[in-house]
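> Input: one structure, supplied below.
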Amino acid sequence: MGRPNPAITGTAIEGELGPGPHGPGAVPSNSARRSRRSRYAGRIFWWLIFLIGFLYFFLPLYGTLDFSLKSKPFGSAYTAILSDSGFVSSLGYSFVAGILTIIISILIIVPTAFWVRLKYPQLRPFIEFITLLPFVIPPVILVYGLLNTYNGKSLLPLGDSDTGLNVLLVAAYVVLSFPYMYRAVDTGLRAIDIQSLTEASQSLGAGWGRILWQVILPNLRTSLLSGAFLSLAIVVGEFTIATFMSRPAFAPYLNIVGDSKPYEQAALALVSFGITWLAMILIAVIGRNSRSQIKVTLG
Amino acid sequence: MTNAALPIKAPGAPVARPVRRFGLAWLGMVPFLLFAFLFLVAPTVFLVGGSLQNAKGTFTLENFANLFTPQIMQTYENSLEISIVTAVIGGIFGLLLAYAVISGGLPGILRSALMTFSGVASNFAGVPLAFAFIYTIGRAGLFTVFLKSVGIDLYNSNGFSIYSKIGLEVVYLYFQFPLMVLIIAPAIDGLKKDWREAAENMGASSFQYWRRIALPILMPSLLGTMILLFGNAFGAQATAYALTGGFIDIVTIAISRQMRGDVLFNPNQGYALAMGMVIIMAISIAGYSLLQRRSERWLK
């Protein structure tokens, strides 16, 4: 009697255990079901996070748009800014400052980054440290130091004249562009074989100016462009330095225009956002095209 | 300009010895170093020097000692509070948002959209940002009015004001967490799928995976980036200035007041105020680069 029973119970147990938690086939299916459910719950959670971020991103923009459209007649805030000479001249001023900043920044950073990569890698930490200093010295302190260093009593009284202040403003912006520009150029240099390019150019008889201008610079085109657009976006939106140097730049103008023209101010804020947006999209587009270009130049 | 400054001109370079003829080539670095000295180092040195002098020009540490008055300490405290709060909240939310679009199973297009947008928003500080928030959650803002219509009075019941510390924090977050998204995204990309699958196969729950694997690996980059966010908020001036018209008690605004000539104390005191800020910024950036180096160990 006792004999068949264990066998029966044995099979019964086995039969029961088959689909149970210890069966070989059951473990994955069970935990997979659980993890699928938790992944489903997870996805809802991530969508929720995204939604909050989305709302937080867009509500202020929508609020601005809504306010700017309250002007009567409809859309008049936008037509007004186009005929507003203050807008045109301040934006023009900031763009010129931005372009000068980019040119000077490229002219001084490209040779430096090139030499550090090619000949003086031991100087790299030092140069990097300098280019990161603008993060340690925020604009408000930079302008404070600059105005006091170059005031009327100093050897180089740039703070005394309009021209001097324009020079000082662009100089400060070049400093602000250091971290972005240096990084962009350095990344660009890493992607090309500057050693071979330099040696090849030299063996063909090129001098240093020619190597930098005709060989290195064209190969850095994409990184320079992204650094340039970022710098431009920063300069056009910069408020602190321009204000304390009393320069007729765009951001200070935007700050005061609202006293007399509130709707225009909202419209201008959106325009300013649009400029930043455009710069970032251009950077993204350039970045996307860059890979193929580098491949082509490397042959 | 720089190319003209480069002195080496090679007329018909001999193939035999290519990379030798540039004893003077390092001159290419001079414009940069000179520029950095004139417009970055010199002004800083000036502030350092000024902060260590009294009005008569003799050496003193008095200006720094005077920073520890209740009024100035309160100014620093406000700045620290705003920076820490926005760094932590912005950091956590930025991490969640970045994770949501990278590994949260959301459509891939949202990822590139978020990245582009973060590039814009992290640079969208200053005047237009301040106004955008005034139009939205200011006293008569769109969202304030909407909340009122559903029975929530933002301004009366909670003592909320966009011109206060909390208001400033809400506004700062707009550029804080996009910066977090941008910087932390590569680190999240570095979390290998295998690690998660391995953890799941061994029966780890989502929580355990985060607690034991993902967070410890992300921690250095997470902390490092939060420190960067801290510095980002600590040094911000334009947004606060435009939002409050210069009437909020934080360090950058106190320095602005000093510059405007609303003299509360002597100029040397102002330099010390600025130096105190530079010191805090320097510590935070040093902490950032230290943690950044540590995080590179895992995430390649």
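> Using alpha-carbon pairs under 8 Å, 6+ residues apart, how would you state the relative contact order of the range A:76-298 in percent?
30 percent.
> Could you work out the pair-distance distribution P(r) of the range B:40-119 from its alpha-carbon pairs, with 5 angstrom bin width and percents rounded to whole numbers?
3, 12, 11, 11, 11, 10, 8, 8, 8, 8, 5, 3, 1, 0
> Going by C-beta contacts inside 10 Å, put A:260, A:71 in order with the fewest on the left.
The most exposed by this proxy come first: A:260, A:71.
> With charges set only on the Cβ (+1 for Lys and Arg, -1 for Asp and Glu), what does the dipole of the range B:209-300 come to about its Cα centre, in debye to the nearest 20? Let's see the in-between values first.
On the way: 8 positive and 3 negative charges, 118 e Å.
With Lys and Arg at +1 and Asp and Glu at -1, about 560 debye.
> Taking H as built 1.01 Å from N, whose amide H comes closer than 5 Å to the amide H of residue B:126, not counting residues under 5 places away?
B:239
> On to the next question. Which of B:257, B:211, B:111 ends up with the largest GNM mean-square fluctuation for chain B, with Cα atoms connected below 10 Å?
B:211
> Add +1 for every Lys or Arg and -1 for every Asp or Glu among the other residues with Cβ under 15 Å from the Cβ of residue B:82, and state the total.
-3
> Moving to a separate point now. Out of B:269, B:98, B:251, whose Cα points farthest toward the positive end of the dipole of chain B (charges: +1 Lys, Arg; -1 Asp, Glu; placed on Cβ)?
Value computed over the given set: B:98.
> With +1 on the Cβ of every Lys and Arg and -1 on the Cβ of every Asp and Glu, and nothing else charged, how large is the dipole of the protein assembly as shown about its Cα centre, in debye rounded to the nearest 20?
Charge dipole, the protein assembly as shown, about its Cα centre: 1740 debye, nearest 20.
> I'd like the distance separating the alpha-carbon centroids of the range B:150-192 and the range A:126-186, in whole Å.
30
> Per DSSP helix of 4 or more residues, -39500 (n - 2.57); summed, then divided by the residues of chain B. What does that give at 222 nm, rounded to the nearest 500?
Value at 222 nm, helices only, nearest 500: -21000 deg cm²/dmol.
> For residue A:205, what residues show an amide H to amide H distance below 5 Å, using hydrogens built from the backbone and excluding near sequence neighbours?
Answer set, sorted by chain and number: B:13.
> When a footprinting reagent is the concern and you count Cβ atoms within 10 Å, what order do B:76, A:40 take, fewest first? Could you put the intermediate results ahead of the total?
Values: B:76 20, A:40 11.
The most exposed by this proxy come first: A:40, B:76.
> Calculate log10 I(q)/I(0) of the range B:156-245 for q = 0.18, 0.21 Å⁻¹, where I(q) comes from the Debye formula with a single equal point scatterer on each Cα and nothing for solvent.
Evaluating at q = 0.18, 0.21 Å⁻¹ gives log10 I(q)/I(0) of -0.84, -0.98.
> Can you tell me, using C-alpha contacts under 8 Å and at least 6 residues apart, the relative contact order of chain B as a whole percent?
In percent, rounded to a whole number, it is 27.
> Pop out the ³J(HN,Hα) list for the range B:119-134 in order, Karplus 6.51 cos²θ - 1.76 cosθ + 1.60 with θ = phi - 60°, rounded to Hz; leave Gly and Pro as x.
Per-residue couplings from phi come out as x, 5, 5, 5, 9, 9, 9, x, 4, x, 5, 4, 5, 4, 6, 5 Hz.
> What is the order of B:281, A:280, B:73, fewest Cβ neighbours within 10 Å to most?
So the residues, fewest neighbours to most, are B:73, B:281, A:280.
> Just want the answer: with Cβ charges of +1 for Lys and Arg and -1 for Asp and Glu, which residue in B:290, B:75, B:129 is farthest toward the dipole's positive end in chain B?
It is B:290, whose Cα lies furthest towards the positive end.
> Another question, then. Out of A:224, B:36, A:50, whose Cα points farthest toward the positive end of the dipole of the protein assembly as shown (charges: +1 Lys, Arg; -1 Asp, Glu; placed on Cβ)?
Looking along the dipole axis, the top candidate is A:224.
> Modelled label-to-label distance, residue B:140 and residue B:192, 7 Å Cα→beta-carbon offset: nm?
It is 6.0 nm.
> Identify which of B:103, B:79, B:221 has the largest mean-square fluctuation in a Gaussian network model of chain B, with springs joining Cα atoms closer than 10 Å.
Highest fluctuation of the listed residues: B:103.
> I've got another one for you. Relative to the Cα centre, what is the charge dipole magnitude of chain B, using +1 at the beta carbon of each Lys and Arg, -1 at the beta carbon of each Asp and Glu, and rounding to the nearest 20 debye?
1100
> When the Kirkwood hydrodynamic radius is evaluated over all pairs of different C-alpha atoms of the protein assembly as shown, what value in angstrom, to one decimal, is obtained? Intermediate values should be presented prior to the final figure.
On the way: mean 1/r = 0.0370 Å⁻¹.
Evaluated over the protein assembly as shown, this radius sits at 27.0 Å.
> OK, next. Taking the alpha-carbon set of the range B:26-159, what are its Rg and Dmax in Å?
23.6, 69
> Can you list, largest first and rounded to whole Å, the semi-axes you get for the range A:165-296 by taking the square root of 5 times each eigenvalue of its Cα gyration tensor? Kindly include the intermediate steps, with their values, before the conclusion.
Values: eigenvalues 289, 64, 17 Å².
The three semi-axes for the range A:165-296 are 38, 18, 9 Å.
> For the range B:92-143 and the range B:242-283, what is the separation of their C-alpha centers, rounded to whole Å?
So the separation of the two Cα centres works out to 29 Å.
> Let me ask something else about it. If amide hydrogens are placed 1.01 Å from N in the peptide plane, which non-local residues have theirs closer than 5 Å to the one on residue B:53?
B:60
> Now a separate question. Which whole-Hz couplings ³J(HN,Hα) result when phi for each residue of the range B:286-293 is put into the Karplus expression 6.51 cos²θ - 1.76 cosθ + 1.60, θ = phi - 60°, listed in order with x for Gly and Pro?
Ordered by residue, 3J(HN,Hα) equals 4, x, 4, 5, 4, 5, 4, 5 Hz.
> May I ask you to evaluate 6.51 cos²θ - 1.76 cosθ + 1.60, the Karplus curve with θ = phi - 60°, for each residue of the range B:220-225 and list the ³J(HN,Hα) values in order in whole Hz, giving x for glycine and proline?
x, 5, 5, 5, x, 5
> Let me ask you something else. At 7 Å along the Cα-to-beta-carbon direction for both residue B:212 and residue A:55, put a label point, then send me their distance in nm to one decimal.
3.6
Computed from the coordinates by the stated procedures, all read-outs in this text should not be read as laboratory data. Predicted model, so just to flag it, every value in this text is computed and none were measured. So basically every Cβ, Gly included, is an ideal-geometry build from the backbone, and we count neighbours across all protein chains shown.
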